[in-house]
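Step one of this worksheet: look at the structure below.
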Amino acid sequence: MTWHLPSRCDKLRRCAPPPEQARVKRAAPRRRGLWAVLGAVAFAATACASHAPQDTLNAQGPESRYINHLFFPVGLIALAIGLFVGGMILYCVIRFRARSDDESPKQTHGSTPLEITWTIIPLLLMFGVASLSVVGIAHLYQTPKGQRITFVPASAGGPAVQGKVLDVHVIGHRWWWEFDYPGLGTMPDRLQNPGEPPNTALVTAGEMFIPAGTMVRLDVTSDEPLKSPEGVGPGVEHNFWVPVLAGKIYAIPGHVTHLNLEADDKAIVDGHPITYSGQCSEFCGISHANMRIKVVAESPNDFANWVALQRTKQRSLTTADSYLNPLAYAGYQLFNGSGTCATCHTIQGTNAKGQVGPNLTHLQARNWFAGDIFVLNDNNLRTWLRNPQAAKPGANMVIPKLTEDQITALIAYLDTLK
Ligand code: CUA
């Protein structure tokens with residue numbers, strides 16, 4: 001709408017829009033209504049998505065199923081109340097609408113039986129929902145009982161991992177997740193001091209490997225400082241959420257929170273692992289959406305093999321390697337050059353001991369990288385190494401521009417990290 005001063009034009013009424021224009025203007029509100037309806041239909045249609053890997057209602061483990069058993073009855077009660085109240089409002093608006101200007105409705109001043117009824121019914125409903133919720137919270141967050149899963153060396157005989165409950169330390173970084181397995185490596189407890197370097201660690205990033213049908217106890221924190229660099233409040237919080245397996249849990253700097261999680265073992269068919277998707281669900285900065293999670297549930301045998309592999313170290317390459325695989329050797333030298341990759345990344349068994357970025361010791365045992373925004377393959381590694389900032393804005397990985405030859409060599413070396 002624009003204001004304009006009265007002018008001769010107004011007086012003469014010569015500036016009225018021509019008839020076609022006027023018609024267009026009248027049609028606009030109707031079209032807006034149509035768009036609103038179309039928008040609502042499109043929004044409702046998203047609920048029918050068949051491939052929705054992060055659908056909370058599609059429970060794939062006992063914890064998420066427990067939450068759904070609470071959600072559905074409460075949701076149905078809420079729906080019934082919503083429909084009843086909405087229906088009553090609609091009925092009253094139509095039934096008791098003013099029929100003429102001088103007609104006023106019959107005045108009443110309260111009804112004791114009615115008021116008691118609509119106080120007691122909601123009270124009982126609220127009490128029921130609250131009781132179920134409190135019992136549910138206590139159930140979901142209890143410390144799981146049972147022997148913790150530990151590694152058993154081959155010399156001791158028996159399976160490589162033994163126990164009933166798997167402990168995993170989950171550390172949220174900007175913007176990726178680190179997973180440490182305290183029972184399966186011999187590292188210091190990084191949860192108490194995330195800055196402390198692991199020595200012979202079972203540390204991975206992005207993907208959390210677990211045995212299916214086994215209770216997993218997560219101890220979750222954020223590596224952010226207690227005081228933000230800007231000095232205002234604590235560092236950034238993250239939130240760990242794999243919707244089909246469990247509820248959400250905050251990753252808070254300086255605190256350790258807990259979450260139980262288990263993937264159904266019946267989902268494992270013919271020993272094939274199943275990958276569940278999740279993501280950080282607390283806004284934590286510019287690449288919050290690039291902080292994803294994959295949980296890979298394997299058969300107990302495959303998990304034991306994974307653990308055995310993860311416990312092995314890589315080795316420093318020597319001049320002999322420069323003859324056998326010159327490209328990988330060039331990449332190794334570049335990786336470990338001063339002020340390059342090794343400053344931030346660890347490759348167990350080599351001089352690369354950086355603690356800023358993900359541990360790359362067994363990079364090739366993973367399927368994803370860079371906060372799980374990329375499938376791990378040479379093409380995607382090239383895209384990433386050309387410009388990490390373009391792929392994940394704000395990432396800590398700030399590197400000088402690499403030549404294509406340098407990138408080729410680095411990829412050749414990273415490909416050896418089986
Ligand atoms: Cu981390 Cu959002």
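Note that segment 142-155 has calculated 3J(HN,Hα) couplings of 5, 6, x, 8, x, 5, 6, 6, 10, 7, 10, x, 4, 4 Hz, one per residue in order, obtained from phi through the Karplus relation 6.51 cos²θ - 1.76 cosθ + 1.60 (θ = phi - 60°); glycine and proline are x.
For the chain, taking the reciprocal of the average inverse distance between every pair of different Cα atoms yields a Kirkwood hydrodynamic radius of 26.3 Å.
Here segment 318-405 yields Rg over Rh of 0.95, to two decimals, using C-alpha coordinates and the Kirkwood radius. Applying the criteria of a DSSP loop state and at most 15 other Cβ atoms within 10 Å to the chymotrypsin sites (Phe, Trp or Tyr not before Pro) of segment 268-346 yields 283. Taking max minus min of the alpha-carbon positions on each principal axis, segment 41-115 gives extents of 62, 35, 11 Å, largest first. Toward the positive end of the charge dipole of the chain, with +1 on the Cβ of Lys and Arg and -1 on the Cβ of Asp and Glu, the farthest Cα among 67, 390, 255 is that of 390.
Calculated accessible area for segment 234-321 comes out at 44 Å² per residue, all protein chains present (probe 1.4 Å; ligands, DNA, RNA ignored). Taking amide H positions as modeled 1.01 Å from N, with prolines and chain starts lacking one, the residues under 5 Å from residue 374 and 5 or more places away or on another chain are 369. Amide H contacts under 5 Å for residue 265: 213, restricted to partners 5 or more places along the chain or on a different chain, H placed in the peptide plane at 1.01 Å from N.
Helix-only arithmetic for the chain: the sum of -39500 (n - 2.57) across DSSP H runs with n ≥ 4, divided by the residue total, places the mean residue ellipticity at 222 nm at -11500 deg cm²/dmol. Of all the accessible heavy-atom surface of the chain, with the other protein chains kept in place and a 1.4 Å probe, what percent is carbon and sulfur? Here it works out to 63 percent. Our note on the geometry: Cα centres of segment 311-346 and segment 242-277, 34 Å apart.
Computed over the chain with a Gaussian network model linking Cα atoms closer than 10 Å, the most mobile of 235, 75, 110 is 110. For the chain, list the DSSP H helices whose alpha carbon atoms reach 20 Å or more along the long axis and whose average Kyte-Doolittle value is 0.5 or above? Both cut-offs are met by 62-95, 112-141.
The values are calculated or read from the model by the stated rules, or taken from the named source; none is laboratory data. Keep in mind that this is a model prediction, so the values were computed, not measured. For neighbour counting, all protein chains shown are included, and Cβ atoms are generated from backbone atoms with ideal geometry for every residue, glycine included. Note: areas computed on protein heavy atoms with side chains; ligands, DNA, RNA excluded. Shrake-Rupley method; radii C 1.70, N 1.55, O 1.52, S 1.80 Å.
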